[in-house]
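These notes concern the structure reproduced below.
The values are calculated or read from the model by the stated rules, or taken from the named source; none is laboratory data. Values in this document were obtained by computation on a predicted structure and should not be read as measured data. Note: ideal-geometry Cβ built from the backbone for every residue, glycine included; neighbour counts use all protein chains shown.
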């Protein structure tokens, strides 16, 4: 313990080391505060949206049911239904897709895909700089502070003429380097994660969630300390050590992830979501020129329970109108499935790249834990689709059996259910990061001992 205190005193005598630890703590705190502010603004926006929607919903319902009953088709056409995707307690750590996609969507009984894909879901550049959140600080900035504390670990002693003396100590040089590496690791670990712990407490995140974040951060710092130890042991001067480590930082966090992203874009090309919305609308618009029996034939392929209802007479009927919208959805169902499969493929390839690149892997893990990745956005769309199906199933008996829609029926409308939840930790990705960090650290410590 006495030796450790002496080592700590030596670190604290270095202005560079103290400045690095303090600055990392400030940056981490600033990123946590920025993340909490962003999440708070999103929650406030969702509350305002819900309040405004409640007023619109009540006003439209009152207008439609002014006489006590109304045509269900008219009610379904005008009445909006709100779906929301609130942030998880850990969303402040990695904002991810929540900056790119709307977190509330009002849907009506019309075709789903035209409403769902008006704002397309674009796979985030997981390995590229984005919002200033803790994920950004950990992946791109924390390695700089590792470099600041580790680049002269060995060369500084050599340049001061103390290296041979350290190697001749009875305890051996290996224990000396382990203590020094461990001490610097602990200081940066505390500086990076203490603000996150405070943020998790403020956000109401569970201990398990914070523990998962801390585990990912620990493994990533382990990787960089191991790499820095290996370079520090091989470099001849402090300046060359710093230059090599900075080159590694640029290559591992920017150049290689950018090249991987370009390769993924070629391997898994994705069409634009707005094209699906346009295709669905085109299918609906062309339905006006298609004979009604043909439209109903397409509709009855997926809804055979309504094929024995009375045929449509006259130019317009609400059940034909909604059958036409559903037929439009069915016409682009294959394209939608392919689009979602392409998005999932990109996410899968990004995860595979993360098995080799620690920076990408950490981004994948943090966004999954925060439930702010592409998978979370696609899951929200699936919940919207399920809710839209519930609405259609609720309204179809009124439409196809010509039942009037009353105030009592309004109270029976399906309610969207979907709350905030913490993401799960992908064990495969975590094991890959842990293995990579362990190997690099063992190699680095072994090189220091030699």
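Of all residues assigned to segment 269-288, none qualifies as being out of contact with any helix residue (DSSP H, G or I) (no Cβ under 9 Å at 6 or more places or on another chain) and more than 25 Å from residue 115 (Cα to Cα). What about residue 24, is it over 30 Å from residue 144 (Cα atoms) and either at pLDDT below 90 or surrounded by 19 or more Cβ atoms within 10 Å (Cβ to Cβ) (or both)? Against the criterion (over 30 Å from residue 144 (Cα atoms) and either at pLDDT below 90 or surrounded by 19 or more Cβ atoms within 10 Å (Cβ to Cβ) (or both)), residue 24 does not qualify. Note on segment 208-305: enclosed helices (runs of 4 or more DSSP H) holding 2 or more residues that are under 30 Å from residue 176 (Cβ atoms) and modelled with pLDDT of 90 or more are 238-250.
Against the criterion of being in a helix (DSSP H, G or I), out of contact with any helix residue (DSSP H, G or I) (no Cβ under 6 Å at 6 or more places or on another chain), more than 16 Å from residue 73 (Cβ to Cβ) and free of Cβ contacts under 8 Å to residues at least 24 places away in the same chain, residue 379 qualifies. The listed residues are 236, 184, and the only one of them that is surrounded by fewer than 20 Cβ atoms within 10 Å (Cβ to Cβ) and in contact (Cβ under 8 Å) with a residue 40 or more places away in the chain turns out to be 236.
Here's the yes/no breakdown for (1) in contact with a helix residue (DSSP H, G or I) (Cβ under 8 Å, 6 or more places away or on another chain); (2) on the phi > 0 side of the Ramachandran plot; (3) at pLDDT below 90; (4) in a helix (DSSP H, G or I):
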residue: 339; (1), (2), (3), (4): yes, no, yes, yes
residue: 349; (1), (2), (3), (4): yes, no, no, yes
residue: 372; (1), (2), (3), (4): yes, no, no, no
residue: 385; (1), (2), (3), (4): yes, no, no, yes
residue: 394; (1), (2), (3), (4): no, no, no, yes
residue: 420; (1), (2), (3), (4): no, no, yes, no
residue: 424; (1), (2), (3), (4): yes, no, yes, no
residue: 435; (1), (2), (3), (4): no, no, no, yes
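Closer than 30 Å to residue 327 by Cβ, in contact with a helix residue (DSSP H, G or I) (Cβ under 6 Å, 6 or more places away or on another chain) and in a helix (DSSP H, G or I) - does that describe any residue in segment 77-90? Among the residues of segment 77-90, at least one is closer than 30 Å to residue 327 by Cβ, in contact with a helix residue (DSSP H, G or I) (Cβ under 6 Å, 6 or more places away or on another chain) and in a helix (DSSP H, G or I), which makes the answer yes.
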